[in-house]
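What follows is one structure encoded as structure tokens, with my remarks underneath.
The values are calculated or read from the model by the stated rules, or taken from the named source; none is laboratory data. A quick note: this is a predicted structure, and the numbers were derived from the prediction, not measured. All Cβ positions, even for glycine, are placed from backbone atoms using ideal geometry, and neighbour counts span all protein chains on display. Areas reflect the complete protein model, heavy atoms only, side chains present, ligands, DNA and RNA absent. Shrake-Rupley method; radii C 1.70, N 1.55, O 1.52, S 1.80 Å.
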Amino acid sequence: MSLTIPVQETEDRHVSYCKNGIYDLPGEVAERIIVELHEHPHTISALAQTCRKHRFLIYQPGDTFLWREIYLSKYDDPRRAVYSQHPRSRSISHFDWGHEFRERIWAATYFCRASGDPCGVDLSPESDIQDLRALTAVLSLIDTALPISTCIADLRPEGKTYHEYWSSIPFQRANRLTPWEPASPDLTNNRSTNTMAFLDIVSRNFPATLLKRLDSPEITPEQDATPLSRALHRLAAYYHLISRTDASPAEPTVLAQGMPLLILHKRTYDLTLIKHSRMHGPFIPLSGATADDDPYVYPDDEYNFTVDWSHLSTIAPLMRRILESGADTWMPEYALGADALRPGAWIPPVETSASEGELNNSTSMEHDWAGVEGMWRRIETWLSHSVFEELNGPLWQKIPESQLSIRARHIVPCRLHISSYSQNPYFPSFPNIHFEGQTGMEQWYDIDSTDDNDETNVCYLDGKVSMLADGNVRWSFSMYLGRSKDTGRQWSFEGVQVGGIGSLVGAIGVWRGTNTMGFWWHWKVA
């Protein structure tokens, strides 16, 4: 006589019996066996196709346990990432564990299967849908990555608090005590399975349709504004600013090799992108603005913007090429790979609810949620003025590529401290952070000074970090002619935090002066 074991199904179904297969096992045992197949997701799919009852067990479980356990066996727990990554995603009550898992597995397969030579590839509405679906799943790996749990800023040098120490010592000494490159802490005990999966997907293969879109020789602002273009260029910008690792030696700049160098420079140094209606930076209005808006009228709502990733995805590879062409090469000690995109490294812990990741009621709204205070390094780059003018003139297509190498750059130190806070109408829990500080100027390294009191080529700066309406973080600051605010503004900087809030990779953007512009990237070092 065979034994049959009743299995509870959903309330609207009757109890059923199965004489064979995994259904003969207790429900929790059957689910545990399926969970162990997480490294072989296609096997789970194959099992679901063996009979109706197996399919019901896998795709219509009575609760979230099965797919939550499968998901957490392969990816980071999003409940630990949502607070620090994106305010609008803090609640996970509707997180579909099964759907998110299957989308990521599908995207990894798509990146591999659809790779190849972009030449001869036809772009179609169907490929648009598939490409956007894959990019959304891959980018979600970064958006829900586990925060770096050990806050680098949570240090007590010489018995002082972090702020007290770096504010008390002379600027020259602070510069000598800090490294050049973004920090690369030991994350052996704080691994992220998301970032490992991200690198595994994008460093091995890249769909031919996506490469063709990136390599397009035409300048098409309308296409750049589509969700597909924003997702693709966001991925490209991320990948150009992360480092290679021993586990992933692939070279990110292959993502821009197909685009002609002249087109890359034209898109990057396009002065028409730097106007009032775009807040003089890499931003696009979310609503209420059209292409015909007056470029000299500043927007009424400075928060109602999203990031122009198509612009940043051309700035990032040029910035990297400039660094790699210098004597210091590509920051040899910067070796975190995609972990540099994880949030939290420079953010002091904030008490949150374990269930939803929401701020505790006793927590002050005024806190350094962006990790602003401390020591930074900033690289600034620009073209020669004559080449810059030619790129923005009617004969730009006649510029020889040899002229495009005429550019300059320097890396300077910067020390910031918070001066005040103001309310953000979209996210009260993330108030605007107003800061001021000191920074080196263009001739900073012309004088090799060991005098702590030497303030040659040091100037004042001030600015603000704010959360845009779509959850991206904006950096906006100005440099002055001298060491005080009375000397007058000379240069303005607009940029975007790359990756999670407080990430090691920092922020990147555009600077402008009188009839000129260039690019900057800054990262925190202490």
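A few comments on the model shown:
- 1 or more residues open to solvent by 10 Å² or more (accessible area, probe 1.4 Å), at pLDDT below 80 and over 28 Å from H385 (Cα atoms): qualifying helices (runs of 4 or more DSSP H) within the stretch 209-270: 221-224
- One residue alone among A469, A526 is within 21 Å of the chain's Cα centre (by Cα), more than 17 Å from I315 (Cβ to Cβ) and open to solvent by 10 Å² or more (accessible area, probe 1.4 Å), and that residue is A526.
- Residue check for E164: open to solvent by 20 Å² or more (accessible area, probe 1.4 Å), at pLDDT below 85 and part of a helix (DSSP H, G or I): yes
- The residues listed here are S419, S466; of these, the one that is part of a strand (DSSP E or B), touching a residue at least 24 places away in the same chain (Cβ under 8 Å) and in contact with an Asp or Glu (Cβ under 6 Å, 6 or more places away or on another chain) is S419.
- Hey, M331 within 23 Å of the chain's Cα centre (by Cα), at pLDDT below 75 and not polar (S, T, N, Q) or not: yes
- Looking only at residues of the stretch 391-404 that are modelled with pLDDT under 85 and open to solvent by less than 80 Å² (accessible area, probe 1.4 Å), we find that the one that is farthest from R377 (Cα to Cα) is Q403.
- Of all residues in the stretch 96-109, those that are under 18 Å from S192 (Cβ atoms), in contact with a helix residue (DSSP H, G or I) (Cβ under 6 Å, 6 or more places away or on another chain) and open to solvent by 30 Å² or more (accessible area, probe 1.4 Å) total 1.
- F95 vs. criteria closer than 23 Å to H233 by Cα and at pLDDT 80 or above: no
- Test: residue in the stretch 483-490 that is assigned to a strand (DSSP E or B) and either over 10 Å from the mean Cα position of the chain (by Cα) or farther than 13 Å from H280 by Cβ (or both): yes
- Candidates E442, E436, E390, filtered to the one that is of a type in the set (D, E) and assigned to a strand (DSSP E or B): E436
- For the residues F477, F493, F519, the requirement of being part of a strand (DSSP E or B), touching a helix residue (DSSP H, G or I) at 6+ places or on another chain (Cβ under 6 Å), open to solvent by less than 20 Å² (accessible area, probe 1.4 Å) and under 17 Å from E380 (Cα atoms) singles out F519.
- Any chance H14 is out of contact with any Asp or Glu (no Cβ under 8 Å at 6 or more places or on another chain), modelled with pLDDT under 80 and part of a loop (DSSP other than H, G, I, E, B): yes
- Counted residues, the stretch 110-148 - those being of a type in the set (D, E) and buried (at least 19 other Cβ atoms within 10 Å of the Cβ): 2
- Output for the stretch 178-191, where each listed residue is loosely packed, with under 13 Cβ neighbours inside 10 Å and more than 19 Å from the chain's Cα centre (by Cα): D186, T188, N189
- Sub-8 Å Cβ pairs linking a first residue in the stretch 34-62 that is assigned to a loop (DSSP other than H, G, I, E, B) to a second residue that is among the acidic types (D, E) and surrounded by 14 or more Cβ atoms within 10 Å (Cβ to Cβ), at least 6 apart or interchain, are P61/E31; G62/E9, ordered by first then second residue.
- Any hit, the stretch 401-412, residues being closer than 29 Å to F305 by Cβ and in contact with an Asp or Glu (Cβ under 7 Å, 6 or more places away or on another chain): yes
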